[in-house]
1. For Cα pairs less than 8 Å apart in space and 6+ apart in sequence, what is the mean separation divided by the residue count of the chain, i.e. the relative contact order in percent?
2. Evaluate the charge dipole of the chain about its Cα centre and quote only its size in Debye, nearest 20, assuming +1 on the Cβ of each Lys and Arg and -1 on the Cβ of each Asp and Glu.
3. Nothing charged except the Cβ atoms of Lys and Arg (+1) and of Asp and Glu (-1): what's the magnitude of the dipole of segment 152-204 about its Cα centre? Round to the nearest 20 debye.
4. For E350, E377, E254, E411, what's the fewest-to-most ordering of other Cβ within 10 Å of each Cβ?
5. Take the alpha carbon gyration tensor of segment 321-381, find the square roots of its eigenvalues, order them as a ≥ b ≥ c, and report rounded if a/c is under 1.5; if not, report prolate when a/b exceeds b/c, else oblate.
6. Want the number for S333 to Q392: 0.36 nm per residue separation, take away the alpha-carbon distance, what's left?
7. Output ³J(HN,Hα) for segment 108-120: one whole-Hz value per residue in order, computed from phi by the Karplus curve 6.51 cos²θ - 1.76 cosθ + 1.60 with θ = phi - 60°, and x for Gly and Pro.
8. Apply the a/c threshold of 1.5 to the C-alpha gyration tensor of segment 389-450 and tell me whether it is rounded, prolate or oblate.
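The numbers here are math on the coordinates, done by the rules we state, and not lab data. Here the structure is a predicted model, which is why all the values come from computation and not from measurement. Positions of Cβ are backbone-derived with ideal geometry, glycine not excepted, and every protein chain shown enters the neighbour counts.
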Amino acid sequence: MSLLETYAALPYVAHAYPQSDPARFGVVGHLAGMSLKPPSKARILEIGCAVGGNLAPLAARYPNAECVGIDLSPEQVDIARVRDSAATYSARDLCTLASTDGPFDYVIAHGVYSWVPSTVREALFQRIREVLAPNGLAYVSYNVLPGWYGRLAIRDVMLARTASVSGPLEKVRAARQILGLLATNATEGPHRDALREEAARIRDEPDAWLFHDYLEVFNTPVTYRQVVEHARADGLATLGDAALHTSQLRSLDETADTLLKQWSDDAVTYETYLDTLRNRTFRQTVFAHANTPLSSDVGPSHLHGLHLRTQLLSDGQGRFTDGTRSIAAQDPSMTTLLDQLGSAHPGSAEFTADQPDDIAARAFFGISTGAVTASLEPVPAVRPSRTPRLWQGAMDMAKRGETALTNLAHETIELPEDVLQVARRLDGRKKPRSGWSKALGVLAAHAFLDA
Ligand SMILES: C[S@@+](CC[C@H](N)C(=O)[O-])C[C@H]1O[C@@H](n2cnc3c(N)ncnc32)[C@H](O)[C@@H]1O
């Protein structure tokens, strides 16, 4: 089957990816001193947008932005057009993108670089450079080595098993079956553990994901260095990972960290060591034009203007918890920061220029550890009103019968049926019925309600 046939036979899973929101990956440029267009008023291009699962909620959230999606697969583009009228979709090969299509302030290419033939991969950064506005930012994600070395062995065995099986779902069934069988019967030891871990990870993933990640014609994992060098050759500078907290490893002891830094000729080598320590499989990297003036001081002094948010809330007994982890409130500056952000929850609080240095330092630490998320756009905190309203992007998904909805922070959250039943009725005109308060609480806490 060709690439066009595989996506026509089984469209890719519709999904929103939080780091691909320009308001999120734009933070990397903001911290490097770039003066960026607010995503809510920007021109945004998504390359390889499939059925619009990522672009549609962005277009709903930023009605004054111009959102354009292109994908090679006409079948997927047709589905995107039916689902979403806020963005413009066209069936196009990314290799045909030209400067006349631009300029775009933000370009997103999620899940494309590793999933296309080498000629298209070679063209991707050139095309991005052509359409990217002078002060624009691009986000490109890809499968990365060394983490994919182990998965390639599994992909190979799945491809061998399914070569003579016809039909995408039949192939997926056969692939799941052989992985299960190998994981059960493998020789005892770390290899068996790895197979079992992979079988467990894949078990709950959708069929379309497994089909396009493991059985797709193209899946080329690359090293971080290969990507950085490829982008550089095509005139783009690498700013860093869209998920800022992945550029450090908190579990790494200080001596080992010092040595790894000593043994690194450059930041890319250090990042590659971290990829190896983590056995990392996936990266989301942010790029700008090579001639973009960037600040060498990426740090707390650039925080003002960002909108900060945390899930770590005070338990009223001296600890902050997000339901899965809990930290003691030992540091007074950190406690002040988390209290400030907690009072804005589930929305964000703007970090203003008058914040003292110690709070700025803790906020920067929080962002670099993942405890705090930063955004170029605010996330509203809307409590249930007399006539509560689910935000439009989530309402479109709920009405289609989807159970995982995207919230106002571009996060996709799986909701139980009782909450979904209430969600579908929140059109901003009805008064809540008795019995809705638990569901309304869940929807408000996860930033699903609009004013
Ligand atoms: C792995 S899927 C990722 C889809 C989506 N971005 C996501 O992550 O949910 C890769 C997508 O790239 C599209 N694609 C492949 N080659 C392309 C090309 N030359 N030009 C534009 N899109 C292409 C495919 O049709 C498919 O929808």
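1. 17 percent
2. On the way: 44 positive and 52 negative charges, 284 e Å.
With Lys and Arg at +1 and Asp and Glu at -1, about 1360 debye.
3. Working: 9 positive and 7 negative charges, 37 e Å.
Computed about the Cα centre, the dipole is about 180 debye.
4. Values: E350 12, E377 21, E254 7, E411 18.
Going from least to most buried by this count: E254, E350, E411, E377.
5. Numbers: a/c = 1.57, a/b = 1.08, b/c = 1.46.
Note, shape of segment 321-381 comes out oblate.
6. Working: separation 59, 0.36 × 59 = 21.24 nm, distance 3.75 nm.
Net length gain for the segment: 17.5 nm.
7. Ordered by residue, 3J(HN,Hα) equals 10, 9, 9, x, 10, 3, 7, 10, 10, x, 4, 5, 6 Hz.
8. Numbers: a/c = 1.42, a/b = 1.38, b/c = 1.02.
Judged from the Cα gyration tensor, segment 389-450 comes out rounded (a/c under 1.5).
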